Amino acid sequence: MLNLLTTKIVEKQYSKTASFSNRCNNTISEAKVVTIDVQAAKNLIQTDHVYLDVRTVEEFVKGHVDAAKIINIPYMVDTSKGRVKNQDFLKEVSSAFNKEDYVVVGCKSGVRSLYATSDLLVDGFKNVKDMGGGYMDWVRNKFPVKTPEAKEEL
């Protein structure tokens, strides 16, 4: 039952990401991406998993998942020609993680994280999971977030 549900979530995301695939010149590989919901992701990052936020730096600093172990490495970067795939993504992740590390990958809605997770699996990472629904679902479930503190007026 869980595999069927996960498959349906991933299939739904595949259909949502066709135009995204063309924009970042990437296709979903044959790697088996495991997509988990935000509750499962929350449970994992409260134990032994690191949360890899693949949103842009600007998105990350506005608010992010509250996790003890979290790192932001953008999968896409904003340029004068629009948002494009971060060509150094795999190199940056490889310098921050070992290929055996337990990682939950998240983004805003679950699209970029799906592609990032696929790329990581193809690159030899063994224990990465995609957080379906992304930060939007995390917030919708009222899970803890970190946001910039309001500056006090002098």
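Order Ile70, Ile36, most accessible first, counting only protein heavy atoms with a 1.4 angstrom probe. Can you show the working numbers first?
Numbers: Ile70 50, Ile36 25 Å².
Heavy-atom accessible area, descending, gives Ile70, Ile36.
Run through all the Cα pairs of segment 27-79 and give the fraction in each 10 Å bin from 0, expressed as whole percent.
22, 44, 31, 3
Using the beta-carbon distance between Lys69 and Lys126 and R0 = 25 Å, what value does 1/(1 + (r/R0)^6) give for FRET efficiency, to the nearest 0.05? Walk me through the intermediate numbers first.
Working: r = 17 Å, r/R0 = 0.70.
It comes to 0.90.
For segment 39-154, just the Cα set please: Rg and Dmax, both in angstrom.
14.3, 52
The values are calculated or read from the model by the stated rules, or taken from the named source; none is laboratory data. Values in this document were obtained by computation on a predicted structure and should not be read as measured data. Positions of Cβ are backbone-derived with ideal geometry, glycine not excepted, and every protein chain shown enters the neighbour counts. Just the protein is used for accessible areas: all its heavy atoms, side chains included, with ligands, DNA and RNA removed. Shrake-Rupley method; radii C 1.70, N 1.55, O 1.52, S 1.80 Å.
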